[in-house]
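Encoded as structure tokens, the structure appears first; notes follow it.
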Amino acid sequence: MTSKPDTPLLDQVKSPADLRQLDESDLKQLADELRAETIDAVSITGGHLGAGLGVVELTVALHYVFNTPDDKLIWDVGHQCYPHKILTERRDRIRTLRQGDGLSGFTKRAESPFDPFGAAHSSTSISAGLGMAAGRDLKGGSNNVIAVIGDGAMSAGMAYEAMNNAGHLGSRLIVILNDNDMSIAPPVGAMSAYLAKLVSGPTYQTFRDAAKNLVKNLPKPVFEKAARAEEYARGFWTGGTLFEELGFYYVGPVDGHNLEHLLPVLKNVRDTHHGPILIHAVTQKGKGYAPAEGAKDKYHGVAKFDVVTGKQAKPKANAPSYTNVFATSLIKEAETDDRVLAITAAMPDGTGLDLFGEAYPKRTFDVGIAEQHAVTFAAGLATEGFKPFCAIYSTFLQRAYDQVVHDVAIQGLPVRFPIDRAGLVGADGPTHAGAFDTAFLTCLPGFVVMAASDEVELRHMVATAVAYDEGPISFRYPRGEGVGLDMPERGSVLEIGKGVIRREGTKVALLNFGGRMSECLKAADELDAAGLSTTVADARFAKPLDMDMIRRLAREHEVLVMIEEGSAGGFGSHVLTRLAEEGLLDNGLKVRALALPDAYLDHDKPDAMYARAGLNSDGILKTVFTALGTASVSAPQRA
Ligand SMILES: Cc1ncc(C[n+]2csc(CCOP(=O)(O)OP(=O)(O)O)c2C)c(N)n1
């Protein structure tokens with residue numbers, strides 16, 4: 001394709017098929033335009049920026065060399081895929097990223113054939129890719145499968161499980177290790193140090209390429225012998241790599257921003273027929289945009305921003321975030337109890353444990369993206385008499401469920417689980433929703449399960465978790481800021497399994513578990529105004545349940561509604577079971593359980609998502625009126 005003068009090349013590229021018509025010499029310009037387009041789009045939508053900027057050249061090179069979507073390209077986590085989306089028929093919608101009805105901020109199968117695998121949680125790409133490669137082999141296919149995985153994602157066990165299996169299966173699979181020496185925070189651990197060593201080693205790639213080209217031209221028997229010698233030389237020169245020990249052919253390190261280096265390497269790999277191959281590409285997070293390159297987190301996740309200055313439009317908060325309240329509460333508790341420890345799985349900023357780490361560096365452990373290990377590591381600390389707070393977002397705790405059950409709960413070990421991002425989280429969508437923790441923890445014998453209904457309650461729950469040493473205990477709290485209450489200096493220890501009545505009424509009882517309390521209070525105001533005297537109770541505990549309080553609510557009201565920002569099978573389900581067991585449903589009590597719907601809700605503004613889920617004051621009112629059979633009477637009063 002010849003480029004029209006003054007027309008951006010990007011305008012000529014709707015899909016990778018167009019890209020492949022360009023001359024190789026045009027690709028640098030295309031990459032520059034793609035980078036500018038990515039920056040401009042994210043300045044409008046907010047979202048993940050640094051990771052995408054680091055893979056612009058890689059994205060161009062991969063789609064140029066490989067025949068996507070027949071060749072399968074899998075992005076680990078998927079947060080770096082915005083340039084990929086722009087090149088794969090989605091440029092016209094790129095400014096809808098992460099908005100309601102817009103493009104997802106991650107790869108998503110339903111969105112495009114160019115996204116062969118959905119992601120958002122890390123370290124799945126090699127497993128998924130190997131499955132695709134094995135499936136292809138069974139079908140007698142010949143397409144390529146390429147998994148791009150970051151050095152941060154490479155800290156999770158799953159990546160090694162996959163490589164171990166790949167080395168054994170021997171299927172043709174291309175893994176690109178995108179090594180930018182960053183996770184969200186600087187990477188931790190021996191693997192990160194090992195990669196740094198590989199990168200800083202001699203530029204043996206040149207030596208090796210030369211050796212390889214040489215041996216290829218030899219007659220077959222001599223070639224075979226020399227190839228073995230080349231393998232030997234490689235090991236001799238580099239000391240071998242861990243990847244080679246696992247059965248991968250290791251290529252690299254290569255400069256992931258230099259198309260002149262990348263293209264020949266990718267073509268070579270495409271045209272040779274090895275089993276599993278790992279290309280070690282070295283990139284820079286935030287590359288090509290000065291404010292990102294200079295930022296501590298390399299602009300991992302950003303709000304809307306000004307492209308010229310890089311200044312982000314963070315709205316002014318009216319109250320401290322729940323995350324901040326958790327961190328400051330734990331710091332306070334740790335002052336008087338030196339057994340309090342904190343553990344994060346590569347999320348020091350997100351969990352607030354960066355603050356705890358500043359106050360108590362020796363009592364803080366960042367274990368890398370390794371939630372399973374984090375939980376069992378915490379269990380080990382608990383056996384030594386410590387009080388580990390294993391702070392993992394609701395969605396990422398899913399990955400460590402067997403560790404929670406087998407290593408913590410069955411042994412009754414007092415590990416504390418602060419569970420941030422409970423409920424719907426907005427722009428990150430269904431993969432990040434904190435939907436299931438209440439359901440998957442309340443079914444475990446001996447677990448204490450709490451949820452904070454506001455930031456003061458959270459402070460109390462931190463104090464309660466410090467004091468509770470009899471077994472595992474969790475407390476969940478939502479994303480975002482609290483409701484703006486005056487905070488006590490220290491939290492009070494709550495009585496285990498006791499709720500609290502927030503306001504007394506006579507006809508309707510709203511029994512809330514967690515962050516929907518302000519919506520309950522709003523609904524109660526409206527119900528009172530409609531002549532329906534309403535009680536609002538804060539359950540505090542989903543396990544053990546406060547059956548004294550629940551019995552009272554059931555006996556003294558006509559309607560009882562349970563509300564929680566979690567899936568069915570959680571708090572409301574347990575209350576219903578107990579009410580049924582005790583015969584409290586036999587006397588005409590109208591009971592409803594409001595939870596998240598049985599669906600994966602697409603990304604949107606949190607309020608819009610909660611409205612869709614029926615978990616706002618309107619939803620509560622509708623439920624009460626429907627239960628009473630008075631929906632048509634109340635509607636005009638509310639308008
Ligand atoms: C299981 C899991 N834990 C935590 C996260 C949060 N997270 C998203 S991206 C990221 C860092 C990934 O680092 P890396 O793989 O090096 O990619 P980079 O952003 O540097 O390109 C983390 C910790 C996640 N997505 N999945």
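Given the condition of a type in the set (Asp, Glu) and either open to solvent by 60 Å² or more (accessible area, probe 1.4 Å) or at pLDDT below 95 (or both), answer yes or no: does some residue in the range 543-553 qualify?
Applying the first criterion (of a type in the set (Asp, Glu)) to the range 543-553 yields 546, 548.
Narrowing further to those that are either open to solvent by 60 Å² or more (accessible area, probe 1.4 Å) or at pLDDT below 95 (or both): 548.
Yes; the residues of the range 543-553 include at least one that is of a type in the set (Asp, Glu) and either open to solvent by 60 Å² or more (accessible area, probe 1.4 Å) or at pLDDT below 95 (or both).
Okay, residues lined up against (1) open to solvent by less than 10 Å² (accessible area, probe 1.4 Å); (2) assigned to a helix (DSSP H, G or I); (3) in contact with a strand residue (DSSP E or B) (Cβ under 8 Å, 6 or more places away or on another chain); (4) over 29 Å from VAL302 (Cα atoms):
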residue	(1), (2), (3), (4)
CYS390	yes, no, yes, no
LEU397	yes, yes, yes, no
ASP402	no, yes, no, yes
ASP407	no, yes, no, yes
LEU413	no, no, no, yes
ARG421	no, no, yes, no
ARG459	no, yes, no, no
ALA463	yes, yes, no, yes
PHE475	yes, no, yes, no
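Exactly one condition in (1) in a loop (DSSP other than H, G, I, E, B); (2) of a type in the set (Gly, Ala, Ser); (3) crowded, with 18+ Cβ neighbours inside 10 Å is false for GLY531; which is it?
Only one criterion is unmet by GLY531, namely (3).
I'd like to know if the range 24-38 contains one or more residues that are in a helix (DSSP H, G or I) and within 16 Å of the ligand (Cβ to nearest atom).
If we filter the range 24-38 for residues that are in a helix (DSSP H, G or I), which is where we start, we get 24-38.
Of the ones still in play, those that are also within 16 Å of the ligand (Cβ to nearest atom) are 35, 38.
Yes, there is a match, as at least one residue in the range 24-38 is in a helix (DSSP H, G or I) and within 16 Å of the ligand (Cβ to nearest atom).
What are the residue pairs meeting all of these: first residue in the range 336-355, first residue closer than 9 Å to PHE389 by Cβ, second residue of a type in the set (Val, Ile, Thr) and near the ligand (Cβ under 10 Å from one of its atoms), Cβ atoms under 6 Å, and 6 or more apart or on different chains?
Within 6 Å, the pairs are LEU353/THR344.
Looking only at the range 106-130, which residues are open to solvent by 30 Å² or more (accessible area, probe 1.4 Å) and either within 15 Å of the ligand (Cβ to nearest atom) or over 15 Å from LEU73 (Cβ atoms) (or both)? Don't jump to the end; show me each part of the working.
Residues of the range 106-130 that are open to solvent by 30 Å² or more (accessible area, probe 1.4 Å), as a first pass: 108-111, 113, 117-118, 121, 127.
Within the range 106-130, LYS108, ALA110, PHE117, GLY118, HIS121, SER127 qualify.
Would you please list the contacts, defined by Cβ atoms under 8 Å and residues six or more apart or on different chains, that run from a residue in the range 147-167 that is in the same structural domain as VAL77 (by TED's automatic domain parsing) and within 17 Å of LEU73 (Cα to Cα) to a residue that is of a type in the set (S, T, N, Q) and more than 7 Å from the ligand (Cβ to nearest atom)?
ALA147/SER125; VAL148/SER125; ILE149/SER125; ALA153/SER125; ALA162/SER127
So which residues in the range 392-416 are in contact (Cβ under 8 Å) with a residue 40 or more places away in the chain, of a type in the set (A, V, I, L, M, F, W, C) and either in contact with a Leu (Cβ under 6 Å, 6 or more places away or on another chain) or under 24 Å from LEU601 (Cβ atoms) (or both), if there are any at all?
ILE392, PHE396, LEU397, ALA409 - these are the residues of the range 392-416 that are in contact (Cβ under 8 Å) with a residue 40 or more places away in the chain, of a type in the set (A, V, I, L, M, F, W, C) and either in contact with a Leu (Cβ under 6 Å, 6 or more places away or on another chain) or under 24 Å from LEU601 (Cβ atoms) (or both).
Please enumerate the residues belonging to the range 150-195 that are of a type in the set (Phe, Trp, Tyr) and either in contact with a strand residue (DSSP E or B) (Cβ under 6 Å, 6 or more places away or on another chain) or more than 17 Å from PRO276 (Cα to Cα) (or both). Talk me through it step by step, then tell me what you get.
Filtering the range 150-195 down to residues of a type in the set (Phe, Trp, Tyr) leaves 160, 194.
Hit for the range 150-195 is TYR194, nothing else.
Rundown of residues vs (1) assigned to a helix (DSSP H, G or I); (2) touching a residue at least 24 places away in the same chain (Cβ under 8 Å); (3) more than 21 Å from the chain's Cα centre (by Cα), yes/no style:
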residue: ASP70; (1), (2), (3): no, yes, yes
residue: ILE74; (1), (2), (3): no, yes, no
residue: HIS79; (1), (2), (3): no, yes, no
residue: SER104; (1), (2), (3): no, yes, no
residue: ALA110; (1), (2), (3): no, no, no
residue: GLY118; (1), (2), (3): no, yes, no
residue: SER122; (1), (2), (3): no, yes, no
residue: ILE126; (1), (2), (3): yes, yes, no
residue: ASP137; (1), (2), (3): yes, yes, yes
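Which residue is surrounded by the most Cβ atoms within 10 Å (Cβ to Cβ), if the candidates are limited to the range 11-30 and must be closer than 20 Å to ASP115 by Cα and of a type in the set (A, V, I, L, M)? Before the answer, list the steps.
Of the range 11-30, the ones closer than 20 Å to ASP115 by Cα are 13-20.
Then keep just the ones that are of a type in the set (A, V, I, L, M); that gives 13, 17, 19.
Values: VAL13: 26, ALA17: 12, LEU19: 24.
Per the criteria, the residue is VAL13.
Across the range 273-293, what is the number of residues that are open to solvent by 40 Å² or more (accessible area, probe 1.4 Å) and out of contact with any Gly (no Cβ under 8 Å at 6 or more places or on another chain)?
Counting residues in the range 273-293 that are open to solvent by 40 Å² or more (accessible area, probe 1.4 Å) and out of contact with any Gly (no Cβ under 8 Å at 6 or more places or on another chain) gives 3.
Would you list the helices (runs of 4 or more DSSP H) that sit entirely within the range 311-377 and hold 1 or more residues that are open to solvent by 30 Å² or more (accessible area, probe 1.4 Å) and more than 16 Å from the ligand (Cβ to nearest atom)?
Numbers: elements: 322-336, 348-351, 353-359.
Where helices (runs of 4 or more DSSP H) fall fully within the range 311-377 and carry at least 1 residues being open to solvent by 30 Å² or more (accessible area, probe 1.4 Å) and more than 16 Å from the ligand (Cβ to nearest atom), they are 322-336, 353-359.
Would you point out the residue of the range 46-68, among those that are outside any loop (DSSP other than H, G, I, E, B) and under 17 Å from the mean Cα position of the chain (by Cα), that is surrounded by the most Cβ atoms within 10 Å (Cβ to Cβ)?
Pass one, the range 46-68, residues outside any loop (DSSP other than H, G, I, E, B): 47-48, 50-54, 56-65.
This time we only want the ones that are under 17 Å from the mean Cα position of the chain (by Cα), so: 47-48, 50-52.
On the way: GLY47: 22, HIS48: 24, GLY50: 26, ALA51: 27, GLY52: 30.
Residue satisfying both the conditions and the ranking: GLY52.
Among the residues of the range 623-636, is any of a type in the set (A, V, I, L, M, F, W, C), in a helix (DSSP H, G or I) and touching a His at 6+ places or on another chain (Cβ under 9 Å)? Let's see the steps before the verdict.
Of all residues in the range 623-636, those of a type in the set (A, V, I, L, M, F, W, C) come to 624-625, 627-628, 631, 633, 635.
Among the residues that remain, those that are also in a helix (DSSP H, G or I) are: 624-625, 627-628, 631, 633, 635.
Okay, now just the ones that are also touching a His at 6+ places or on another chain (Cβ under 9 Å), so none.
Within the range 623-636, not a single residue is of a type in the set (A, V, I, L, M, F, W, C), in a helix (DSSP H, G or I) and touching a His at 6+ places or on another chain (Cβ under 9 Å).
Out of the residues in the range 383-408 that are of a type in the set (A, V, I, L, M, F, W, C) and within 19 Å of ILE331 (Cα to Cα), state the one that is farthest from the ligand (Cβ to nearest atom). Lay out the reasoning, then the answer.
Kept after step one, since they are of a type in the set (A, V, I, L, M, F, W, C), are these residues of the range 383-408: 386, 389-392, 396-397, 400, 404-405, 408.
When the remaining residues are screened for being within 19 Å of ILE331 (Cα to Cα), the result is 386, 389-392.
Details: PHE386: 24, PHE389: 17, CYS390: 13, ALA391: 12, ILE392: 8 Å.
Checking each candidate, the answer is PHE386.
Here are VAL199, VAL215: which of them is within 16 Å of the ligand (Cβ to nearest atom), modelled with pLDDT under 90 and more than 24 Å from LEU27 (Cα to Cα)?
Values: VAL215 fails: within 16 Å of the ligand (Cβ to nearest atom).
After applying the criteria, what remains is VAL199.
Name every residue in the range 143-168 that is open to solvent by 10 Å² or more (accessible area, probe 1.4 Å), away from the ligand (no atom under 16 Å from the Cβ) and at pLDDT 95 or above, in order of residue number.
Selection gives ASN143, ASN144, ASN164, ASN165.
Out of LYS298, LYS287, which single residue is in a loop (DSSP other than H, G, I, E, B) and either more than 15 Å from the ligand (Cβ to nearest atom) or modelled with pLDDT of 95 or more (or both)? If you could, list the steps in order and put the result at the bottom.
Working: LYS298 fails: either more than 15 Å from the ligand (Cβ to nearest atom) or modelled with pLDDT of 95 or more (or both).
Testing whether each residue is in a loop (DSSP other than H, G, I, E, B) and either more than 15 Å from the ligand (Cβ to nearest atom) or modelled with pLDDT of 95 or more (or both) leaves just LYS287.
Give just the number: which of (1) buried (at least 21 other Cβ atoms within 10 Å of the Cβ); (2) at pLDDT below 95; (3) more than 20 Å from the chain's Cα centre (by Cα) does MET182 not satisfy?
In the conditions (1) buried (at least 21 other Cβ atoms within 10 Å of the Cβ); (2) at pLDDT below 95; (3) more than 20 Å from the chain's Cα centre (by Cα), MET182 misses (3) alone.
The values are calculated or read from the model by the stated rules, or taken from the named source; none is laboratory data. Fair warning: this is a prediction, and the values are worked out from it, not measured in the lab. Note that each Cβ is placed from the backbone with ideal geometry, even for glycine, and that neighbours are counted across all protein chains shown. Only protein heavy atoms, including side chains, enter the accessible area calculation; ligands, DNA and RNA are left aside. Shrake-Rupley method; radii C 1.70, N 1.55, O 1.52, S 1.80 Å.
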